[in-house]
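Asker: Right, I'll just put the structure down here and ask away after.
Values in this text are rule-based calculations from the coordinates and carry no lab data. Please read all numbers here as calculations on a predicted model, not as lab measurements. Here Cβ is always computed from backbone atoms with ideal geometry, including for glycine, and neighbour counts include all displayed protein chains.
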Amino acid sequence: MTSLGVPEIEAGWALFLDLDGTLLDIAPEPDAVVVPATLPGTLAGLSARLGGALAIVSGRARGNVDRLLAPLALPGGFGHGAELRDADGRPAETDSMPPLPDDWPAHLSRFVERRPGLILERKPHGLALHFRAVPEYGAAVRAIMEDLVSEAVGFMLLPAHMAFEIRPRAATKARAVEALMATPPFRGRRPVFVGDDVTDEDGMAAARRFGGFGLHVGRDFTGGPAEVRAWLARATARPIEKATHDQS
């Protein structure tokens, strides 16, 4: 156990890791995050020790995550589970995701142009509008995003860190956990989902359904992402204990 009561990583686990706010410190802008130089190596080493059963489950698009964690291309769920990739590097079909209405990006771009400081983040299956630098626009951001969602079936509005995001209803972090747990090397392992935000609760709930559990940054890791990274690094520097529970 760690000093905070978080169990040390076991050999029979399948790890599902959020990115922003969990592995990386939150930045004023999505493109301003800093990836510690040691993080890709830590993730690669731990993935090998878990037999490949380590996944990234992030609200970011797959290409964005790969750019940040290069040269890694880990399995996981991206865009809150809209995009999936298995342990062999194969992306899943996304036909079940509704297409984003064509006029939404342009409508939000005009909104942002009139309000300096807002940041529009476009994703393959969604849109996020960040107001961290201008919190006074928070209510207006929520209102315009709610108006868009009310016009289309199949989308929902999601609160995030100083942002609101539109995503397909079918895209959840639970979807990523469920899909990967049905395939090797995740199948038969105990899933542990580590996250920091409301969007991660679905993933934690899915982990519990498979006999695992969730760990929340801020509640379980009081040192924030730095503490999570140290926890992962410890597991690459010592023998990982065999599971003490039934993995069936």
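Asker: Sequence-distant or interchain residues sharing an amide H contact under 5 Å with Gly12, placed H: which?
Answerer: Placed amide hydrogens put Ala243 under 5 Å from Gly12.
Asker: Sum -39500 (n - 2.57) across every DSSP H segment of at least 4 residues in the chain, then divide by the residue count to get the 222 nm mean residue ellipticity, nearest 500.
Answerer: Theoretical 222 nm ellipticity from helices: -9000 deg cm²/dmol.
Asker: Applying the Karplus parametrisation 6.51 cos²θ - 1.76 cosθ + 1.60 with θ = phi - 60° to the phi angles of segment 131-143, what ³J(HN,Hα) value in whole Hz is obtained for each residue in order, glycine and proline being reported as x?
Answerer: 10, 4, 7, 9, x, 5, 8, x, 5, 5, 5, 4, 4
Asker: Can you give the local net charge around Ala233? Use residues other than it whose beta-carbon is closer than 15 angstrom to its beta-carbon, Lys and Arg +1, Asp and Glu -1.
Answerer: +2
Asker: Same structure again: Let's test the formula: R0 of 22 Å, r as the Cβ-Cβ distance of Glu113 and Ser150. What FRET efficiency results, to the nearest 0.05?
Answerer: On the way: r = 23 Å, r/R0 = 1.04.
Once rounded, the FRET efficiency stands at 0.45.
Asker: Given the options Gly12, Gly51, Gly81, which has the most mean-square fluctuation in a GNM of the chain, springs set between C-alpha atoms less than 10 angstrom apart?
Answerer: Gly51
Asker: Just to verify a number: FRET efficiency for Ala139 and Ser96, C-beta to C-beta distance, R0 = 35 Å, to 0.05?
Answerer: According to the calculation, E is roughly 0.60.
Asker: Dipole magnitude of segment 103-168 about its Cα centre, charges +1 at Lys/Arg Cβ and -1 at Asp/Glu Cβ only, in debye to the nearest 20?
Answerer: Dipole size: approximately 200 debye.
Asker: Most exposed first by the Cβ proxy, i.e. fewest other Cβ within 10 Å, how do Lys123, Lys173 rank?
Answerer: So the ranking, lowest neighbour count to highest, is Lys123, Lys173.
Asker: Please report Asp20, Asp25, Asp200 as a ranked list, fewest other C-beta atoms within 10 angstrom at the top and most at the bottom.
Answerer: Asp25, Asp20, Asp200
Asker: Amide H of Arg167: which non-local residues (sequence gap of 5 or more, or other chain) have their own amide H closer than 5 Å, using H built in the peptide plane?
Answerer: Met156, Leu158
Asker: List, in order, the whole-Hz ³J(HN,Hα) value for each residue of segment 144-149 obtained from phi through the Karplus relation with A = 6.51, B = -1.76, C = 1.60 and θ = phi - 60°; use x for Gly and Pro.
Answerer: Once rounded to whole Hz, the list reads 5, 5, 5, 4, 5, 4.
Asker: What residue among Leu74, Leu23, Leu158 has the largest mean-square fluctuation in a Gaussian network model of the chain, using Cα springs under 10 Å?
Answerer: Of Leu74, Leu23, Leu158, the Gaussian network model singles out Leu158 as fluctuating most.
Asker: In percent, what relative contact order does the chain have, based on Cα pairs under 8 Å that are 6 or more apart in sequence?
Answerer: Rounded, it is 25 percent for the chain.
Asker: Next question. Springs between alpha-carbon pairs under 10 angstrom, Gaussian network model over the chain: which of Ala106, Ala176, Ala61 fluctuates most?
Answerer: Per the Cα network of the chain with a 10 Å cutoff, Ala106 tops the list.
Asker: Which percent, nearest 5, of DSSP beta bridges in the chain are antiparallel?
Answerer: Around 55 percent of the beta bridges assigned by DSSP in the chain are antiparallel ones.
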